[in-house]
Amino acid sequence: MLISIGLPTTVPNTPQSAVLEWAQAVDQSGFSGVATLERLVYDSYDSLTTLAAAAAVTKRAKLLSAVLLGPLHKNVALFAKQVATINKLSGGRLTVGVAAGSRPDDFNASGVAMAGRGGRLARQIEEARQIWGGARRGFAGAIGPSAGPPVLLGGHSAAAIDRAARIGDGWIAGGGGADMFHAGAEKFRAAWRDHGRSGTPRVVALSYFSLGSDAAELADEYLLKYYAFAPPYARMVRATTPAGAAAVRETIEKFDAAGCDELVLSPCGHDIAQLRTLRETLHL
């Protein structure tokens with residue numbers, strides 16, 4: 001199982017220097033790559049812009065959006081160009097994770113209706129792939145650059161899992177623990193087979209982590225605030241977030257046993273000591 005690191009782009013008061021410091025440190029480590037989360041109505045960094053910045057300061061690390069909120073990027077042609085540009089400039093290191101989204105404030109702020117967002121997401125991916133494939137869109141020809149990345153679709157609902165199996169290159173699970181991931185991955189693989197898809201799909205998961213003497217307090221402060229819009233979900237995510245070295249190692253073992261191909265460990269704090277301690281914990 002590969003292990004990637006979420007950049008602290010949604011952790012409050014993260015300085016820009018910390019975001020790039022994390023990206024460079026991951027690039028020089030044994031971790032697979034870096035990932036970003038996307039949220040609009042929150043004091044956080046934009047996901048695509050951050051991935052572009054991370055691409056510029058790294059050479060080896062893979063890049064992953066975990067996940068973009070597809071329907072908010074309603075100009076599909078521009079979205080496709082931005083994504084292809086990051087993939088091209090990074091030398092093909094980008095994988096796009098995308099989902100339909102669930103927070104009404106993000107949609108209200110964007111002037112985008114929540115109703116029908118799943119269908120719009122599917123059409124968005126179809127159009128983006130046509131653009132990445134060089135389809136003509138005007139007098140000058142294709143939009144370009146012709147450098148489309150793999151696409152992972154997220155979501156735990158039956159419709160989201162079926163959509164991922166039908167049109168995705170794989171499925172990505174949000175924070176919720178190894179048991180939730182395992183249940184979703186089994187449904188996804190079954191749906192993949194039902195749709196007559198060939199090959200073995202990629203399954204990716206995200207887990208938050210917290211280390212240090214105040215690990216539990218740090219996780220409480222970040223996660224219960226970040227998911228305050230849905231208190232029951234916030235408590236569930238916090239309950240499945242490992243705090244402390246032993247808990248982190250146990251969580252990794254559980255995801256590995258559940259058949260996860262890549263686990264994104266996303267920090268609850270922006271101090272680079274979190275990453276250094278994680279490397280020590282995993283002997284990387």
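Collect the residues in segment 181-218 that are more than 22 Å from residue 96 (Cα to Cα) and either under 18 Å from the mean Cα position of the chain (by Cα) or of a type in the set (Ser, Thr, Tyr) (or both), keeping them in residue-number order. Within segment 181-218, 209, 210, 213 qualify.
Please note which strands (runs of 3 or more DSSP E) are completely contained in segment 165-281 and include at least 3 residues that are under 24 Å from residue 39 (Cβ atoms) and touching a Cys at 6+ places or on another chain (Cβ under 7 Å). The qualifying strands (runs of 3 or more DSSP E) are 202-209.
In contact with a strand residue (DSSP E or B) (Cβ under 9 Å, 6 or more places away or on another chain) and at pLDDT 95 or above: is that true of residue 96 in this structure? Taking the combined requirement at face value, the residue satisfies it. Scanning segment 137-164 for residues being part of a helix (DSSP H, G or I) and either at positive phi or of a type in the set (Gly, Ala, Ser) (or both) gives a total of 4. Filtered by the rule that a residue be of a type in the set (Phe, Trp, Tyr) and touching a residue at least 40 places away in the same chain (Cβ under 8 Å), segment 1-51 gives 22, 31, 42. When 84, 54, 77 are screened for being under 30 Å from residue 135 (Cβ atoms), in contact (Cβ under 8 Å) with a residue 60 or more places away in the chain and crowded, with 20+ Cβ neighbours inside 10 Å, only 84 passes. Filter segment 212-229 for residues that are surrounded by fewer than 20 Cβ atoms within 10 Å (Cβ to Cβ) and touching a residue at least 12 places away in the same chain (Cβ under 8 Å); which is nearest to residue 271 (Cα to Cα)? By that ranking, first place goes to 212. Hey, does segment 224-231 have a residue that's among the charged types (D, E, K, R), farther than 21 Å from residue 160 by Cβ and in contact with a Pro (Cβ under 9 Å, 6 or more places away or on another chain)? Yes, segment 224-231 has at least one match. Only one of these is buried (at least 19 other Cβ atoms within 10 Å of the Cβ), in contact with a Lys or Arg (Cβ under 9 Å, 6 or more places away or on another chain) and not in a helix (DSSP H, G or I): 14, 10. Name it. Matching residue, one of 14, 10: 10.
Apart from one condition, residue 104 fits all of (1) buried (at least 17 other Cβ atoms within 10 Å of the Cβ); (2) farther than 23 Å from residue 142 by Cβ; the exception is (1).
Here residue 175 fulfils each of the conditions (1) more than 21 Å from residue 78 (Cβ to Cβ); (2) at pLDDT 95 or above apart from (2).
The values are calculated or read from the model by the stated rules, or taken from the named source; none is laboratory data. What you see is a predicted model, and the numbers here were worked out from it, not measured in a lab. Because the Cβ atoms are built from the backbone with ideal geometry, glycine has one as well, and the counts that use them run over all protein chains shown.
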